[in-house]
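The values are calculated or read from the model by the stated rules, or taken from the named source; none is laboratory data. Here the structure is a predicted model, which is why all the values come from computation and not from measurement. Virtual Cβ from ideal backbone geometry, glycine too; neighbours counted across all protein chains shown. Remember, those area values only see protein heavy atoms, side chains included, never the ligands or the DNA or RNA. Shrake-Rupley method; radii C 1.70, N 1.55, O 1.52, S 1.80 Å.
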Amino acid sequence: MECKFIGVGDAFDGKHTNTSLYVKIKNRTLLFDCGFNSAHSFFQLIPNALDLDIVWISHFHGDHCFGLPMLLGSFHTSDRKDPLTICGPVGIEEKVRALTTLAFPRLLSKLSFELKFQECSPESIQDVGGIKLSSFETDHTEMAGPALAVRVDYEGFSFFYSGDGAVSSQCLSLASGVDLAVFEAYYLEETANGHSSVKGCLDFALKAKINQVALVHINHFVRTYHLDEILKLIKDVEVVSVLLPEEGHLLRIPGN
């Protein structure tokens, strides 16, 4: 399994691309979230971008889904033929169609490939082309619908992505023992206002017995002015391998 970090920034980070992850497990590929500027970085960083199988949208904030029109348009102009499945919370098809129509009114009627949608509700398990997607709601702010964390299981590999929002103890079973977990860690130590924290995510990883963790979507002021404190919190958790990635970082997880 490979995970390339397309973006690691929060919504209003002028330096970093919106949080977005490209995961390849064996011969299957998934993109987790696609915000304002994520699609541009995706095409710059992924040479075989046309091979993408599945897009997972954790929730409907702009820094997690507003890049979809550009993604679909680029696939169309590249003459993509293979179907693309977009998974996300209830309402995902309506939101994507409305967003794309607003950006490019005629694009959906001209797509060169089939567009499929899979709605995922909290505490649901879906099979998408042989890939198992297990979702759970997180505590996030000002949402018209739920924000979802997801666990992916395929061919003996497991991956967890929190999306945005604090992960509660109810998510422990969902994330338990995964090969890699990527957490939103917006704050340094406190969990507040529908966001998690570096300390909260590390504590969660210990309880869930996760050995490999990456922290993303850190508030840009926290990341800039409290980096030493972040690194100290990471260093103090000796039994967990913790990564603070930059855009373009590639993480490989060997087979079991």
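If you filter region 1-15 down to residues that are open to solvent by less than 10 Å² (accessible area, probe 1.4 Å) and not in a strand (DSSP E or B), you find that the one that is nearest to residue 158 (Cα to Cα) is 8.
Taking the criterion of being farther than 18 Å from residue 129 by Cβ and either acidic (Asp, Glu) or open to solvent by less than 10 Å² (accessible area, probe 1.4 Å) (or both), the residues of region 50-61 that qualify are 58, 59. Tell me which residues, restricted to region 34-49, are crowded, with 20+ Cβ neighbours inside 10 Å and in a helix (DSSP H, G or I). Once the filter is applied, which keeps residues that are crowded, with 20+ Cβ neighbours inside 10 Å and in a helix (DSSP H, G or I), region 34-49 yields 38, 39, 41, 42. Which of the residues that make up region 1-18 are touching a His at 6+ places or on another chain (Cβ under 9 Å) and more than 13 Å from residue 249 (Cβ to Cβ)? The answer is 9, 10, 11, 12, 13, 14, 15, 18. Residue pairs whose Cβ atoms lie under 9 Å apart, sitting 6 or more positions apart in sequence or on different chains, and linking a residue in region 88-113 that is within 24 Å of residue 161 (Cα to Cα) and outside any helix (DSSP H, G or I) to a partner that is of a type outside the set (Asp, Glu) and open to solvent by 60 Å² or more (accessible area, probe 1.4 Å), are 88/95; 89/95; 91/144.
Out of 109, 78, 134, one residue alone is hydroxyl-bearing (Ser, Thr, Tyr), surrounded by 15 or more Cβ atoms within 10 Å (Cβ to Cβ) and modelled with pLDDT of 95 or more. It is 134. Residue 31 satisfies every condition listed in (1) part of a loop (DSSP other than H, G, I, E, B); (2) within 15 Å of residue 118 (Cβ to Cβ); (3) aliphatic (A, V, I, L, M); (4) open to solvent by less than 40 Å² (accessible area, probe 1.4 Å) except (1).
So that you can scan it fast, the table gives a plain yes or no per residue for (1) basic (Lys, Arg); (2) farther than 18 Å from residue 19 by Cβ:
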{"position": "195", "(1), (2)": "no, no"}
{"position": "200", "(1), (2)": "no, no"}
{"position": "213", "(1), (2)": "no, no"}
{"position": "220", "(1), (2)": "no, no"}
{"position": "224", "(1), (2)": "no, no"}
{"position": "232", "(1), (2)": "yes, yes"}
{"position": "241", "(1), (2)": "no, yes"}
{"position": "247", "(1), (2)": "no, no"}
{"position": "251", "(1), (2)": "no, no"}
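Looking at 203, 179, just one residue is touching a Phe, Trp or Tyr at 6+ places or on another chain (Cβ under 8 Å) and either at positive phi or among the acidic types (Asp, Glu) (or both), and that residue is 179. With respect to the conditions (1) surrounded by fewer than 24 Cβ atoms within 10 Å (Cβ to Cβ); (2) within 13 Å of the chain's Cα centre (by Cα), residue 64 lacks only one, and its number is (1).
Taking residue 4, is it farther than 18 Å from residue 245 by Cα and either over 19 Å from the mean Cα position of the chain (by Cα) or in contact (Cβ under 8 Å) with a residue 40 or more places away in the chain (or both)? Criteria not met by residue 4. Whenever a residue of region 50-76 is over 19 Å from residue 12 (Cβ atoms), its partners that are part of a loop (DSSP other than H, G, I, E, B) and β-branched (Val, Ile, Thr), lying with C-beta atoms within less than 8 angstrom and at least six residues away or across chains, give the pairs 52/46; 68/57.
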